[in-house]
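Q: First, the structure itself, so that you have it in front of you.
We did not get these values from a lab; they are worked out from the coordinates using the rules stated. Quick caveat, the model's predicted, so the values are computed rather than measured. Positions of Cβ are generated from backbone atoms using ideal geometry, with glycine treated the same way; all protein chains shown enter the neighbour counts.
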Amino acid sequence: MTRFTIPRDVFMGDDAISNLTSIKGKKAYIVIGSERLKKDGTLGKVEGYLKEAGIESKVFIGVEHDPSVQTVKKGVAEMLDYQPDWIIGIGGGSPIDAAKAMWLFYEYPDFTFEEAIKPFNLPELRKKARFIGITTTSGTATEVTSFSVITDKETGIKYPIADFNLTPDIAIVDTNLVLTLTPEVVANTGLDVLTHAIEAYVSTMATPLTDALAMKAIEMTVANLAGSFKEDMTARKNMHIAQNLAGMAFSNAILGIVHSMAHKTGDIFTIPHGMANAIYLSYAIEYNAKTAPKKYAEIATQLRLSGSTEQELVKSLVDLIKNMRQEFNIPASLKEFGVNEAEFLDRLPSLAKTAVADPCTGTNPRTIDDATMENLYRAAYYGEEVNF
């Protein structure tokens, strides 16, 4: 038996945030990153719609890139004092992930991060509050997923929390909120979408439901990312929907070693998450396809890439990803990104060990051990073909 969980309601399209006027409640705790959403009027609109619904609100500003344990604890302390019955995360992955973790510890203050990172082991939520995710970037799809990633800034270790309890009650995918994204953000988040969809499609937990969502997300991303990058607003709106579809897919099928590798190096080497995924994706496909080429070949076939054998189709898919990296100014290797070689080699055994232990590794289509993960990291550092 398998399970498929998504938010009860997903509102999408232009001005989708206006649906906040229909929710019922008393207090909302709003979590955002920087002052940007305040300055561009998004926060004011959200507060106005909540007021129209008869809901008072309090705002937490200051979630950093890769939200920290400390930030989560600060938000929880405010929540315990304010006692909201709605928690609303607005922004990219970081503010919404932080809001999810705050939600967990607001409802269970004595719970620990060590307990929280045990996959699908959380206690039942919604005892105090429900959750709304409003995404302003087209990448992480955390507004529809069962994940939250929190970083211990003292150690650099990320805590990926995975549990269907964390799936928001309402997701709002307002296509007007992504029109001012920079090309750099569009590129990084767009290749994050592609990674989500491909990893979900080849996951050992994939189902017909997740396959359908993942494949559509792949098709939409390949068709629209270049246009979005060049500020074609129709393409940009399509990418916002594509990231949502990919999120529904990977929230249920889980991911693979691309994310395992990215989780362990993003904060340590200051690599944006989407860019890290984009770097690792081609190397992971080469590794996985040595024993599990079929579904990669299916993707290539659906995209009408060249090839008459599985191996040829996989190569065409890898080449497509390499070409997309180049088109969107994404480094092809960790070395090209600028990671110091001596530091990389010094950290390599630890990186490999923790990447293998990452929850995403468990659903990768090919198994991997610490020594092999070291070799895979090396290939991604030096830009070498994976032949093992």
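Q: Please compute the Kirkwood hydrodynamic radius of region 327-372 from all pairs of different C-alpha atoms, in Å with one decimal.
A: Answer for region 327-372: a Kirkwood hydrodynamic radius of 12.5 Å.
Q: Which whole-Hz couplings ³J(HN,Hα) result when phi for each residue of region 9-14 is put into the Karplus expression 6.51 cos²θ - 1.76 cosθ + 1.60, θ = phi - 60°, listed in order with x for Gly and Pro?
A: 10, 10, 9, 9, x, 5
Q: Using alpha carbons only, how many angstrom separate the centre of region 125-148 from the centre of region 10-30?
A: Answer, in whole Å: 13.
Q: Still on this structure, I have one more. How many angstrom lie between the Cα centre of region 196-264 and the Cα centre of region 333-347?
A: Answer, in whole Å: 28.
Q: Using a cut-off of 16 Å between alpha-carbon atoms, which aspartates and glutamates can reach Lys39, once sequence neighbours fewer than 8 places away in the same chain are excluded?
A: List returned: Glu47.
Q: Given a Förster radius of 35 Å and the C-beta distance between Tyr82 and Thr367 as r, what FRET efficiency does 1/(1 + (r/R0)^6) yield to the nearest 0.05?
A: Once the sixth-power term is evaluated, E becomes 0.15.
Q: Using only DSSP helix segments of four residues or longer, with each worth -39500 (n - 2.57), what per-residue ellipticity at 222 nm results for the chain after dividing by its residue count and rounding to 500?
A: That comes out to -16000 deg cm²/dmol.
Q: Tilt of helix 341-357 relative to the longest C-alpha principal axis of the chain, in degrees (0 to 90, nearest 10)?
A: Once rounded, one gets 70 degrees.
Q: Nearest 10 degrees, 0 to 90: what angle lies between the long axis of helix 42-52 and the longest principal axis of the chain (Cα atoms)?
A: 40
Q: Which of the lysines could a cross-linker bridge to Lys322, judged by Cα under 28 Å and excluding same-chain residues fewer than eight apart?
A: Hits, sequence-local ones excluded: Lys158, Lys216, Lys230, Lys237, Lys264, Lys290, Lys294, Lys295, Lys335, Lys353.
Q: Give the Debye-formula value of log10 I(q)/I(0) at each listed q (0.10, 0.21 Å⁻¹), with one equal scatterer per alpha carbon of region 248-388, two decimals each.
A: Computed log10 I(q)/I(0) values: -0.31, -1.39.
Q: Limiting things to C-alpha atoms, what are the Rg and the maximum Cα-Cα separation (Dmax) for region 1-108, in angstroms?
A: Cα-based Rg and Dmax for region 1-108 come out at 14.1, 48 Å.
Q: Percent of alpha carbon pairs in region 9-178 separated by more than 26 Å?
A: Beyond 26 Å sits 19 percent of the P(r) for region 9-178.
Q: Whole-Hz Karplus ³J(HN,Hα) for region 206-217, in order, using 6.51 cos²θ - 1.76 cosθ + 1.60 and θ = phi - 60°, x for Gly and Pro?
A: Here the 3J(HN,Hα) series is 4, 10, x, 5, 5, 4, 4, 5, 5, 5, 5, 5 Hz.
Q: Under 5 Å between amide H atoms, partner at least 5 residues away or on a different chain: which partners does Ile87 have, H built in plane at 1.01 Å?
A: Distant-sequence amide H within range of Ile87: Tyr29, Arg130, Phe131, Ile132.
Q: Shifting gears a bit: If I stretch the segment between Asp152 and Lys24 completely, what's the gain in nm (0.36 nm per residue apart, minus their alpha carbon distance), one decimal?
A: Additional length available on full extension: 42.6 nm.
Q: Separate question: Report ³J(HN,Hα) in whole Hz for each residue of region 184-194, in order, from the Karplus equation J = 6.51 cos²θ - 1.76 cosθ + 1.60 where θ = phi - 60°; Gly and Pro get x.
A: Result, rounded to whole Hz: 4, 5, 4, 5, 4, 6, x, 6, 5, 4, 4.
Q: Kindly provide the Kirkwood hydrodynamic radius of the chain in Å, to one decimal, from all pairs of distinct alpha carbon atoms.
A: Roughly 20.8 Å, rounded to one decimal.
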